[in-house]
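Report on the following structure.
What follows draws every value from the coordinates through simple rules; no lab data is involved. The structure displayed is predicted, hence computed values, not measured ones. Virtual Cβ from ideal backbone geometry, glycine too; neighbours counted across all protein chains shown.
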Amino acid sequence: MINERLIGKSVSFYPYRHDNGLMEFFPLTGTILRYVTLSEQKEWLLVQLNKSITFHNIPIDRVLIKRPIPKPFTLHKDNQLVHFKLVVDNNMLQTHHEVDDYALEFWALCK
């Protein structure tokens, strides 16, 4: 369910209660750059974070997000649970197209 109107829009991320791996970094904001296909799933969104984070000495400025259910992402709707994958190397996006290539995955609430 691709919605091109999401490109260029701002999103905000908040911690999900069951995931403490990134608690110190939330809240985060970013801008949706484009759709990315991973493992034939076309619904992944690439987000440029407004502020980089450092996770285990790795600078992160982009994340991949996707709803865990086949339901479209809606801007400014509270508490949308998303897969939140850290992009540890921006060059990976050119050569790594499998979901498992992005192993640092967490949950986040998005709006």
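Starting with the highest mean, order 24-35, 47-58, 69-80 by the number of other Cβ atoms within 10 Å, averaged over the residues of each peptide.
For the peptides 24-35, 47-58, 69-80, the packing ranking is 24-35, 47-58, 69-80.
Quote the charge dipole size of the chain about the Cα centre in Debye, to the nearest 20; the model charges only the Cβ of Lys and Arg (+1) and of Asp and Glu (-1).
With Lys and Arg at +1 and Asp and Glu at -1, about 540 debye.
Return a whole-number percent for the relative contact order of the stretch 8-110, with Cα pairs under 8 Å and 6 or more residues apart as the contact set.
With pairs under 8 Å counted, the relative contact order is 27 percent.
Can you compute 3J(HN,Hα) from phi for each residue in the stretch 39-49, using the Karplus curve 6.51 cos²θ - 1.76 cosθ + 1.60 with θ = phi - 60°, rounded to whole Hz and x for Gly and Pro?
6, 6, 9, 7, 8, 6, 10, 8, 10, 8, 5
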